[in-house]
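Rule-based calculations on the coordinates, nothing more; no lab input. Predicted model, so just to flag it, every value in this text is computed and none were measured. A quick note on method: Cβ atoms are made from the backbone with ideal geometry, for glycine too, and the neighbour counts reach across all protein chains shown.
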Amino acid sequence: MTEGRRFGGSPTQADVLREVIEDRLRAVHTALPAEVVEWDATTQTVSVRPTVWGATHDQDGRFVDEPLPTIFDVPVMFPRSGGGYITFPIAAGDTVLLVFAERSIGQWRYTGRDGSPGDQRTHTLSGAVAIPGLFPRADALPSSAIVAGSVVIVGTTEVRLGAPTASDFVALSSKVDTEIGKLWTALGSHVHGGVTVGAGATAAPVVVNTSAPTAATKVKAV
């Protein structure tokens, strides 16, 4: 590469300084989409392949796009605070948003303590954290999934509320009320043999349905 080709003539001091700054900025990583290559449920980390390429100069000073390398041991950030958390499956092929820490977080990840990062580099690929939920437009959720004023949780196999060990299925109010209604109807129409009322007529007992509504006030399911 010659400087004349790159700058269209003899570069000025400002040209050189601007190019140095721009080259440095291209090495600063802030946030990028990536595809999950591998998921480790034990460590809650992923290996990811950035899906937006980086750029470098060729020998003639022209920009050349090139893939960024696969990044390993990237922690996944599930919503979690105050002892509560929300988890969901992560699978190869999912896309995530990578956020790159200002300083190295390697020491902090393994000790959880304040201190020097050790590695003095900044905004590097090795400082990535993966946030699930970023997908291309073609894979956007259906509009029916967004309900004003509501939190919608959908699982591919099951949804557990309260604890990961929850094992008792939640009954649907409409089905419970239907079955209770059948019981009251059966009780109200049942006639005991040998029971007489008044002049000897056989009659069914008087049964009043006093069951209360079984619907939850804040949780709905289908």
Fraction of alpha-carbon pairs in the chain farther than 30 Å apart, rounded to whole percent, equals 56 percent
Restricted to the chain, the DSSP antiparallel beta bridge percent, nearest 5, is 95 percent
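Residue 51 to residue 124: extension gain in nm, 0.36 nm per residue of separation minus the Cα-Cα distance?
Numbers: separation 73, 0.36 × 73 = 26.28 nm, distance 1.63 nm.
Full extension from residue 51 to residue 124 adds 24.6 nm.
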If each K or R counts +1 and each D or E counts -1, the residues other than residue 17 whose Cβ falls under 12 Å of its Cβ total -2
Checking rank on 164-173, 94-103, with mean other Cβ inside 10 Å and highest first, the result is 94-103, 164-173
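Any chance you could tell me what percent of the C-alpha pair distances in the stretch 120-166 go past 14 Å?
Roughly 74 percent, once rounded to a whole number.
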Rounded to the nearest 10 degrees, the helix 13-26 long axis (Cα) sits at an angle to the longest Cα principal axis of the chain of 30 degrees
P(r) over all Cα-Cα pairs of the stretch 1-124, 5 Å bins from 0 to the longest distance, whole percent per bin, short to long, reads 2, 9, 14, 17, 15, 13, 10, 7, 6, 4, 2, 1, 0
Dipole check, the chain, charges on Cβ (K,R +1; D,E -1), about Cα centroid: among 99, 152, 20 the Cα furthest to the positive pole belongs to 152
For the stretch 3-138, whose charge dipole is built from +1 on Lys and Arg Cβ atoms and -1 on Asp and Glu Cβ atoms, the candidate among 110, 33, 126 with its Cα farthest towards the positive end is 110
Listed by chain and number, the residues whose amide H is under 5 Å from that of residue 51, excluding neighbours fewer than 5 places away on the same chain and using placed H, are 34, 35
So, over other residues within a Cβ distance under 14 Å of residue 154, counting Lys, Arg +1 and Asp, Glu -1, the net charge is +1
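By the scheme Lys and Arg +1, Asp and Glu -1, what is the net charge of all other residues having a beta-carbon under 11 Å from that of residue 95?
Values: positive: 49; negative: 35, 94, 139.
Every neighbour counted, the sum reads -2.
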Computed about the Cα centre, the charge dipole of the stretch 3-138 from +1 Lys/Arg and -1 Asp/Glu charges at the Cβ has a magnitude in debye, to the nearest 20, of 340 debye
For the chain, the charge dipole (Cβ of Lys, Arg +1; Cβ of Asp, Glu -1; about the Cα centre) points to a positive end, and the Cα of 166, 78, 56 closest to that extreme belongs to 166
